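The values are calculated or read from the model by the stated rules, or taken from the named source; none is laboratory data. From a predicted model like this one, the values you see are computed outputs, not experimental measurements. Please note: Cβ atoms are built from the backbone with ideal geometry, for glycine as well, and neighbour counts cover all protein chains shown.
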Amino acid sequence: MTSKAQSITRNTSGALRAFWLTALTVGLMLAQAIAAQARPESFADLAEKVSPAVVNITTSTVVARGTGPSPIVPEGSPFEDFFRQFRDPDGEGRPRRSSALGSGFVISEDGYVVTNNHVIEKADEIVVELFSGEELEAEVVGTDPKTDIALLKVETDEPLDYVSFGDSDTARVGDWVIALGNPLGQGFSVSAGIVSARNRALSGTYDDYIQTDAAINRGNSGGPLFNMDGEVIGVNTAILSPSGGSIGIGFSMAANVVTRVVDQLQEYGETRRGWLGVRIQDVTEDVAEAIGMEEVRGALVTDVPEGPAREAGMKAGDVIVSFDGKDVEDTRGLVRQVGNTAVGKTVRVVVFRDGQTKTLKVTLGRREVAEGAVPAAQRGQEEPAEPSQMSLLGLELTPLTDELRAQLELNADAQGLVVKDVESMSQAYEKGMRAGDVITEAGQQKVTRVSELQAQIEEAREAGRKSILLLVRRGGEPRFVALSLTEQ
């Protein structure tokens, strides 16, 4: 090779090296720019933008005091010391006014405010404090205990700052979010985190929770969870915690659920959900094989009481594989599809029966009306005697009585099971449950008697679940506690 050719080769190699070094440098700069965009240096601009629409909510209600200092448990009981702090020391039995704090957010300039139902439940006075410090009295437009959502209305001469809902279905695990509210009554506060999980189901039929590690504490209930575009993608509702404080497991009801509820509350003052009229369970591999289904999907009909489905010819043993043009994956999905469908609408329901599919036309009823009906077969039946107390899952439980409501300073219509004692070596104790807690729900059902809790435990075992989720209230604040079913 001549010296001229060698020189050309060296020059070419040098140019290639310079090109690749330049490309690598540009690539690194782009990667840094993308990383900077994905991880904001500050949430200050976003917080400043949305904070004027976030409100503090103060509620008050009249609570009856205990009627006297006489003990309600045998003398010397370890539970006696616990209840002593709840007695009226003067023994006068006079009612008093109790206050509670929460959060919310304005969704329209004319004063509609969204919060949690448990924040304003049973309140006879609701005050909304705007970001500016102005206080306005609020009226309840409507509530939905199933999703724990309430819609309030305040009157003002000036248009209010408000925020809009976003599409919560587009939120991805790992996306940045911020939570705003009034934690522990400390006033306006911002916390940041990420979407930790999606589509969490806790205790309700229509649950669709976004899990986040943004700090959520007592008082944050009803406050908004924002994406980076300043859109509300969730309503902060509950935490999972052994101590009652934030450990980075918070739950926000997804905005796509909330918007449907809010629209109905705004239009009707109540929810109006579709009702199919069947009892269902998930299809397992064994069931699918036994009935000749190639895929494990759909909702297996176990019973068809009087209602829309029976009138349309549906039978026990049918597997619902499609509802109103959408595939049915499991029971939870079907319940949500039906609930989100308009009352009175006639829909096509495809069922798998005897090795083939069949299409039925069903005109949906209204779930709220159906749930309010008492089957004739149950009327006039005598209920079996209920034990006054029982030990389950390391908890000594007793139904709420008027006397206990007074001692715990609960509303007269409060329902649930009171924890009288907790075994110190139990899982319940490790997870923060204490005497005086009130269990209001187990699984997806309200519980007011020990036998109802037993039934939910047995149902969970039969379904193959290893734990049961309890909704526990302490001082009016709700908290979810999952207890293993292997412990008795």
Legend entry - The listed residue being in the same structural domain as residue 57 (by TED's automatic domain parsing) and either within 22 Å of residue 368 (Cβ to Cβ) or surrounded by 20 or more Cβ atoms within 10 Å (Cβ to Cβ) (or both), out of 103, 132: 103
Inset, instruction - Report yes if some residue within the stretch 418-433 is part of a strand (DSSP E or B), within 23 Å of the chain's Cα centre (by Cα) and not aromatic (Phe, Trp, Tyr); otherwise report no. - result: yes
Legend entry - Among (1) touching a strand residue (DSSP E or B) at 6+ places or on another chain (Cβ under 9 Å); (2) closer than 30 Å to residue 215 by Cα, the one test that residue 276 misses: (2)
Inset, instruction - Go through the stretch 222-245 residue by residue and tally those that are within 25 Å of residue 106 (Cβ to Cβ) and either small (Gly, Ala, Ser) or assigned by TED's automatic domain parsing to the domain that holds residue 121 (or both). - result: 5
Inset, instruction - Any chance you could count how many residues in the stretch 151-163 are in contact (Cβ under 8 Å) with a residue 60 or more places away in the chain and more than 20 Å from the chain's Cα centre (by Cα)? - result: 4
Legend entry - Positions within the stretch 129-177 being assigned to a helix (DSSP H, G or I) and either within 18 Å of residue 60 (Cα to Cα) or of a type in the set (A, V, I, L, M) (or both), in sequence order: none
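Here is a yes/no grid of residues against (1) closer than 19 Å to residue 270 by Cα; (2) touching a Phe, Trp or Tyr at 6+ places or on another chain (Cβ under 8 Å):
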| residue | (1), (2) |
| --- | --- |
| 325 | no, no |
| 342 | yes, no |
| 354 | no, no |
| 366 | yes, yes |
Inset, instruction - Answer yes or no as to whether residue 220 is crowded, with 24+ Cβ neighbours inside 10 Å and in contact with a Pro (Cβ under 6 Å, 6 or more places away or on another chain). - result: yes
Legend entry - Complete set of residues in the stretch 353-410 that are modelled with pLDDT of 75 or more, charged (D, E, K, R) and part of a loop (DSSP other than H, G, I, E, B): 354, 409
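With respect to residue 342, is the statement that it is within 23 Å of residue 288 (Cβ to Cβ) and outside the structural domain of residue 201 (by TED's automatic domain parsing) true? Before you say what the answer is, go through the steps one by one.
On the way: within 23 Å of residue 288 (Cβ to Cβ): no; outside the structural domain of residue 201 (by TED's automatic domain parsing): yes.
Criteria not met by residue 342.
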Legend entry - Counted residues, the stretch 202-227 - those being touching a residue at least 60 places away in the same chain (Cβ under 8 Å) and within 18 Å of residue 53 (Cβ to Cβ): 8
Inset, instruction - Kindly list the number of the only condition in (1) touching a Gly at 6+ places or on another chain (Cβ under 9 Å); (2) farther than 30 Å from residue 301 by Cα; (3) among the β-branched types (Val, Ile, Thr) that fails for residue 247. - result: (1)
Legend entry - Any hit, the stretch 336-349, residues being among the β-branched types (Val, Ile, Thr), exposed (fewer than 13 other Cβ atoms within 10 Å of the Cβ) and either modelled with pLDDT of 90 or more or more than 20 Å from residue 208 (Cβ to Cβ) (or both): yes
Legend entry - Single residue of 286, 282 found to be under 28 Å from residue 366 (Cβ atoms), of a type outside the set (A, V, I, L, M, F, W, C) and not assigned by TED's automatic domain parsing to the domain that holds residue 220: 282
